Amino acid sequence: MLTSCTPEDVAAPRHSAHEADELHTGLQAPAAWISPKYLYDALGSKLFEAICELPEYYPTRTEASIFERYGAEIARSAGTGATLIDLGAGNCAKAAALFPLLQPAQYVAIDISTDFVHDALARLRQRFPQIAMEALGMDFSSSFELPPQVNAGRRLFFYPGSSIGNFTPDEAQGFLTRLRAQCGNDGGVLIGIDLAKDAATLDAAYDDALGVTSAFNLNLLRHVNRLIDADFDIKGWQHRGAYNAAMGRIEMHLEARSAQTVHWRGGERRFEAGERIHTENSYKYQQADAIGLLERSGFEATRVWTDPQRWFAVIHAQAIAS
């Protein structure tokens, strides 16, 4: 899952032609899909915070244990005084926990949920007034260029939570290559990557007993309703999340409980009972494959840290000089 506030319901709508076109394309595709970035409106970001507290959702606590155990080593490898660029910052808690060790000269929090990240950064400035901070509302999934207010000095991209798994391997390489172009020869990336493991553990993590992941996935339809004036009846859909062993990924879908026709601005579609909308992938990597992905993207993995079960890896990778 991706990591991400004032409620968006009371704000002026901020819809774009690109969003409308992307959603229309996905909903009209033979196998319907909606990008996982639309999971993260303000409510979706809050629901994801709740997911991170669930006993079944191991990635957050496992990654946190790695940072807690190896934080000093990570800081020695990554260095202090960098421009720390937090991708999918959400509530900024993961980066903030590393501030005492990394001592960034500037912290840049980037998230698609603009209001959510601005509110998080406002609180963070009170705790760390010595660090220059910028909040950027940005969809960095397809294109990426940093504005001038981001320091051009040594840049360390921080991409925790295995959000890289939301991309296909080819998309992930393209994304990391774009990061390489923005970080210069003295920059790098500090990334969390979920490692391959047994299907039962993965299935439970993405379909929890309490139903929080279900609410998170279903909230996407509420967000789409608002963005393109659609009329999805959320009660008519159910969450499906399971590991696809052949593809090496968790897949999340929304499944129609009954036949229905959904309308939106500029289109409509008939969904039969049992028909699905694909909302998210989460690829799981072998450690060697993760290192290879970074190398093909222009980074050299300098250090790898894992938990005792080898469920999760944190990798610091330095830009390969061009």
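If you take the beta carbon distance between PHE128 and ASP233 as r and set R0 to 56 Å, what does 1/(1 + (r/R0)^6) give as a FRET efficiency, to the nearest 0.05?
Given R0 = 56 Å and the Cβ-Cβ separation, E is 0.80.
Just to confirm, what accessible area per residue do you get for the chain at 1.4 Å probe, in whole Å²?
Per-residue accessible area for the chain comes out at 42 Å².
If you average 1/r across every pair of different Cα atoms in the chain and take the reciprocal, what Kirkwood value do you get, in Å?
20.2
If you take every DSSP beta bridge fully contained in the chain, what fraction is antiparallel? Give it as a percent rounded to 5. Numbers along the way, then the final one.
Values: 34 of 55 bridges.
Taking every DSSP beta bridge with both residues in the chain, the antiparallel ones total about 60 percent.
What number comes out for the charge environment of GLY241, summing +1 per Lys or Arg and -1 per Asp or Glu over other residues with Cβ under 12 Å away?
Overall, the nearby charge balance is -4.
Over the Cα atoms of segment 218-322, what radius of gyration and what Dmax do you get, in Å?
For segment 218-322, the Cα radius of gyration and maximum Cα-Cα distance read 20.0, 56 Å.
Based on the alpha-carbon set only, what is the convex hull volume of segment 1-157 divided per residue, in Å³?
Normalising the Cα hull of segment 1-157 by residue number yields 142 Å³.
What do you get when you divide the Cα radius of gyration of segment 136-194 by 2.2 N^0.38 Å, with N the number of residues?
1.12
Rounded to two decimals, what is the ratio between the C-alpha radius of gyration of segment 17-81 and 2.2 N^0.38 Å?
Normalised Rg, Cα atoms only: 1.71.
Roughly to the nearest percent, how much of the accessible area of the chain is carbon and sulfur, given a 1.4 Å probe?
52
When N counts the residues of segment 241-289, how does its alpha-carbon radius of gyration compare numerically with 2.2 N^0.38 Å, as a ratio? Intermediate values should be presented prior to the final figure.
Working: Rg = 15.1 Å, N = 49, 2.2 N^0.38 = 9.7 Å.
In units of the globular-protein estimate, segment 241-289 measures up at 1.57.
Quote the FRET efficiency, to the nearest 0.05, computed for THR261 versus ASP21 with a Förster distance R0 of 30 Å and r equal to the Cβ-Cβ distance.
Details: r = 21 Å, r/R0 = 0.71.
Computed FRET efficiency for THR261 and ASP21: 0.90.
For the chain, what is the mean residue ellipticity at 222 nm derived from helices alone (per DSSP H run of n ≥ 4: -39500 (n - 2.57); sum divided by total residues; nearest 500 deg cm²/dmol)?
Numbers: 9 runs with 116 residues, N = 322.
Computed mean residue ellipticity for the chain: -11500 deg cm²/dmol.
Provide the net charge surrounding ALA313, with neighbours chosen by a C-beta distance below 10 Å and charges set as Lys +1, Arg +1, Asp -1, Glu -1. Write out the running numbers ahead of the final one.
Numbers: positive: ARG310; negative: GLU63, ASP194, ASP307.
Net charge in that neighbourhood comes out at -2.
Would you kindly state how much longer the chain becomes between ALA93 and ARG222 on full extension, computed as 0.36 nm times their sequence separation minus their alpha carbon distance, in nm to one decimal? Don't skip to the end; give the middle numbers.
Working: separation 129, 0.36 × 129 = 46.44 nm, distance 2.65 nm.
Extra length from ALA93 to ARG222 when fully extended: 43.8 nm.
Tell me, what ³J(HN,Hα) does each residue in segment 153-166 have, in order and in whole Hz, if you take phi through Karplus 6.51 cos²θ - 1.76 cosθ + 1.60 with θ = phi - 60° and put x for Gly and Pro?
x, 3, 10, 10, 7, 10, 9, x, x, 6, 5, 4, x, 6
Suppose the chain between ALA288 and GLU268 were pulled fully straight at 0.36 nm per residue; how much longer would it get relative to their current alpha carbon spacing?
2.8 nm
Kindly provide the pair-distance distribution of segment 121-273 built from C-alpha pairs, with 10 Å bins from 0 and whole-percent values in order of increasing distance.
Spelled out per bin, shortest first, that is 8, 25, 29, 26, 10, 1.
Where does the charge balance sit around LEU121 when Lys and Arg score +1, Asp and Glu -1, over other residues with C-beta under 14 Å from its C-beta?
Taking every Cβ under 14 Å from that of LEU121, the sum is -1.
Tell me, what is the FRET efficiency for LEU210 and ALA152 to the nearest 0.05, using R0 = 41 angstrom and their Cβ-Cβ distance as r? Don't skip to the answer; put the middle values down first.
Numbers: r = 45 Å, r/R0 = 1.10.
Efficiency, rounded to the nearest 0.05: 0.35.
How much of the DSSP beta bridge set in segment 168-322 is antiparallel, as a percent to the nearest 5? Write out the running numbers ahead of the final one.
Details: 34 of 35 bridges.
In segment 168-322, approximately 95 percent of DSSP beta bridges are antiparallel ones.
The values are calculated or read from the model by the stated rules, or taken from the named source; none is laboratory data. On a predicted model such as this, the values are computed, not experimentally measured, just so you know. As a convention, Cβ positions derive from the backbone with ideal geometry for all residues, glycine included, and neighbour counts pool all protein chains shown. Surface accessibility is based on the protein's heavy atoms, side chains included, excluding ligands, DNA and RNA. Shrake-Rupley method; radii C 1.70, N 1.55, O 1.52, S 1.80 Å.
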